[in-house]
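Below is one structure, written out as structure tokens, with a few remarks after it.
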Amino acid sequence: MAELIHQHPAKIDDRGTTYSARVLGAQRTDGTWQGWLEFHPADKSKPVLRTNQETSQPNRVTMDYWALGLEPVYFEGALARAQHRLI
């Protein structure tokens, strides 16, 4: 089951839509964690965008560490990857 790891304070603007970025993760059966990003538009009529897996971490502590280290430029690239999933 997915868990919210971190809600990033940065807002990402793309083509007139502002998104907030969230890092989500889930523990695998072997105890490791996978993480991905979701982009929630301020305009609720637009879809939430989600990346494929962005990271694999050995535990929840390192998952938190990874999420807290992401910079705004990383989110810009991840948003582009998430948008391509819609095509």
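The values are calculated or read from the model by the stated rules, or taken from the named source; none is laboratory data. Not measured: the values here are computed from a predicted model. All Cβ positions, glycine included, derive from the backbone under ideal geometry; neighbour counts span all protein chains shown. Please note that ligands, DNA and RNA were not included when accessible areas were found on the heavy atoms of the full protein model with its side chains. Shrake-Rupley method; radii C 1.70, N 1.55, O 1.52, S 1.80 Å.
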Subject >> Accessible carbon and sulfur surface of the chain relative to its total accessible area, %, 1.4 Å >> reply: 54
**OP:** Mind checking the per residue accessible area of the range 1-45 for me, 1.4 Å probe, whole number of Å²?
**Re:** 57
**OP:** Kindly provide log₁₀ I(q)/I(0) values, in the same order as q = 0.14, 0.22 Å⁻¹, from the Debye equation applied to equal alpha-carbon scatterers of the chain.
**Re:** -0.46, -1.04
Subject >> Whole-Hz couplings from phi, Karplus 6.51/-1.76/1.60, listed for the range 10-22; x for Gly and Pro >> reply: 5, 10, 10, 9, 8, 6, x, 10, 9, 10, 9, 9, 10
Original post:
222 nm [θ] for the chain, helices only, -39500 (n - 2.57) per DSSP H run of 4+, per residue, to 500?
Top reply: -7500 deg cm²/dmol
Original post:
In whole percent, what relative contact order does the chain give with Cα contacts below 8 Å and a gap of six or more residues?
Top reply: 25
Subject >> Point-to-point label distance, D14-V61, nm (Cα→Cβ direction, 7 Å offset) >> reply: 3.4
